[in-house]
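The values are calculated or read from the model by the stated rules, or taken from the named source; none is laboratory data. Predicted model only: the values in this text are computed from it and were never measured. All Cβ positions, even for glycine, are placed from backbone atoms using ideal geometry, and neighbour counts span all protein chains on display. The area values use the complete protein model at the heavy-atom level, side chains included, leaving out ligands, DNA and RNA. Shrake-Rupley method; radii C 1.70, N 1.55, O 1.52, S 1.80 Å.
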Amino acid sequence: QQDVRATEIDKVDMYQSYRPGDIVRALVLSLGDARAYYLSTAKNELGVVSAQSIAGGTLVPTSWTEMQCELTGQIEQRKVAKVE
């Protein structure tokens, strides 16, 4: 949780930052054991780069905390990577 973002660490909700299936740009902190990597997305350029909505449509970034479904227009919360 402390490696999701650089500010307001105590307010991080993992489900509102990432969901299973999201493609995320992250910094590898350590390799951990055989089954786990320790990652950080605390920098602005790190976070979700591609995701699908609950309805199955592609999500398009609208801000650094929200993505919008192309099919339904519904807004979903994510920690969006700042893509250059």
Open item on the list: Tell me which of G32, I75, L59 sits at the most positive position along the dipole axis of the stretch 9-77, charges placed on C-beta atoms (Lys, Arg +1; Asp, Glu -1).
Closed with: G32
Task: Charged-residue dipole, Cβ positions (Lys, Arg, Asp, Glu), the stretch 9-77 about Cα centre, Debye nearest 20 - done: 160 debye
TODO: Please list V60, V48 in order of solvent-accessible area, largest first, computed with a 1.4 Å probe with all protein chains present.
DONE: V60, V48
TODO: Relative to the compact-globule scaling 2.2 N^0.38 Å, provide the ratio for the alpha-carbon radius of gyration of the stretch 9-77.
DONE: 1.21
TODO: Work out how much length Q77 to S30 would gain on full extension: take 0.36 nm times their residue separation and subtract the Cα-Cα distance, in nm to one decimal.
DONE: 14.2 nm
Open item on the list: For a protection proxy built on the mean count of beta-carbon atoms within 10 angstrom, sort 13-19, 31-37 highest first, please.
Closed with: 13-19, 31-37
Open item on the list: Rolling a 1.4 angstrom probe over the protein chains, ignoring ligands and nucleic acids, what is the accessible area of L29 in square angstrom, nearest 10?
Closed with: 90 Å²
